[in-house]
Amino acid sequence: MKIAIILPHFYPYVGGAEKMFYDLAKGLIQAGHEVRVVARNIGNEYLGPKVVDGINICYCPWKSMFGHPVPRKKDLEEVIAWCDIVHTSIFTTSPPVSRLARKYHKPALLTVYEARGNKWFWADNFIRATAFYLVEQYTIRQRFNCYHAISDATKADVERYCHRRNVRRIYLANEMDQAHVAKDFSMRQYFGLSMEQKVFLYYGRPGKTKGILVYERAIDKLVKECDSRLLENTSFCFLLGKEPEDLRAAFIRLIEKKGLTNRVIIRDSVTREQLGACIQQADCVVVPSLTEGFGFSALEACQIGSRLIYSDGGSLPEVTFGECKSFRNRDEADLADKLKAVVENREDAFDIIPAKTFTYDEMFGGMIHLYEELVQKC
């Protein structure tokens, strides 16, 4: 098959969506399919046609609107005319791909990472949330032959909020194991802690839907209500991404304002192998997300074998396994209680959930089967 993949961003742009499509493109090529990718340029180094890790990519100088690239029709038309099937994702590439696929009578697939619907209003003011809601509705309701959801929770939200019916769930893949753990990296040294310290670890972006404000309120509640001796050797460590800058800065100011700097330690993100070491060495990983389309952070912690506290929102219950404990989404009091149970080493601090797998073979096989089905039908 000749497969066109058209995206707002692609490798080396960093993000879960970009990683998924990079892995997919490599897997498709290894399976003998032809793949061409079109995405926005990244500076002057990634501009124009390139071959990266065997993938043919055209990086286009698209302008941005509200932080999102706006594709030009002339950059898409040739590759859509060439392909057997075209695959894109939300948000800005969806409308032009939908129109051009119909023009050239090509089957088209839209990947939806999340469909938040009314959940946009959980984390933003009314005006911004309304704008995001409308953009989401506009892009997901474009005409495609099929809609790919990355979890059952996302599939249900696409059907519920966007009224799409031809939705297929194919899980993403992740295989985090001991090979991804730096052997010579000390998490406690990086955070300036002694070996005796009990560490709760958060890692990822400081985005509003990532739940770090719920987590902060839970920590604040725990500190205020617990005997200080109970928390004497406990630290809440954050490997916090630099973007969005304003939200990171606001979170740091909030920690300082609440007087939590003696309990909360914030450091910059580390390499993937160093992250693996941090996950492995932490006493507990915390994933407090309000919404998650898939939940890479939670899955990585489970695959490494770390103990995990996670929100029961979105897809997180689908991907978690091992020693885990969920708390009610957006409920800082329930999260504080779960944190306290770990600090006190209570027997009910964690549940044991049977192992789950999310392999590349399953992802590649599912996507190729779906492509072949759509090409046959059209």
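Please find the FRET efficiency linking PHE66 to SER269, where r is the Cβ-Cβ separation and R0 is fixed at 35 Å, and quote it to the nearest 0.05.
Working: r = 25 Å, r/R0 = 0.72.
Efficiency at R0 = 35 Å is approximately 0.90.
Given a cut-off of 17 Å, what percent of all Cα-Cα pairs of segment 191-311 lie beyond it? Walk me through the numbers before you get to the answer.
Details: 4000 of 7260 pairs.
Roughly 55 percent, rounded to a whole number.
Could you please report the charge total around ASP152, scoring K, R as +1 and D, E as -1 over all other residues with beta-carbon less than 15 angstrom from its beta-carbon? Please report the intermediate quantities before stating the final value.
On the way: positive: LYS155, ARG160, ARG164, ARG168, ARG169, LYS356; negative: GLU114, ASP157, GLU159, GLU292, ASP312, GLU318, GLU362.
Local charge sum for ASP152: -1.
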The chain pair-distance distribution - Cα-Cα, 20 Å bins, rounded %: 27, 55, 17, 0
Centre separation in Å (Cα based) which lies between segment 9-48 and segment 187-253: 34 Å
GNM top mover of PRO288, PRO71, PRO49 - the chain, alpha-carbon springs below 10 Å: PRO49
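Note the full-extension length gain between ASN56 and GLU256 as 0.36 nm times their separation in residues minus their Cα-Cα distance, in nm to one decimal.
67.2 nm
When the chain is fully extended, how far beyond the present Cα-Cα distance does LEU134 get from ASP283, taking 0.36 nm per residue of separation? Write down the numbers at each step before the final one.
On the way: separation 149, 0.36 × 149 = 53.64 nm, distance 4.14 nm.
Result: 49.5 nm gained on full extension.
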Residue among GLN142, GLN274, GLN30 with the largest mean-square fluctuation in a Gaussian network model of the chain, springs linking Cα atoms under 10 Å: GLN30
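Peptides 165-174, 315-324: what's the order by average Cβ count within 10 Å, highest mean first?
With the highest mean Cβ count within 10 Å placed first, the list reads 315-324, 165-174.
Which whole-number percent gives the relative contact order of segment 178-353, counting Cα pairs below 8 Å spaced six or more residues apart? Write down the numbers at each step before the final one.
Working: 315 pairs, mean separation 44.9, N = 176.
The value is 26 percent.
Throughout, read-outs are computed from the coordinates displayed, never taken from laboratory work. As the structure is a computational prediction, the values presented were derived from the model and not from experiment. A quick note on method: Cβ atoms are made from the backbone with ideal geometry, for glycine too, and the neighbour counts reach across all protein chains shown.
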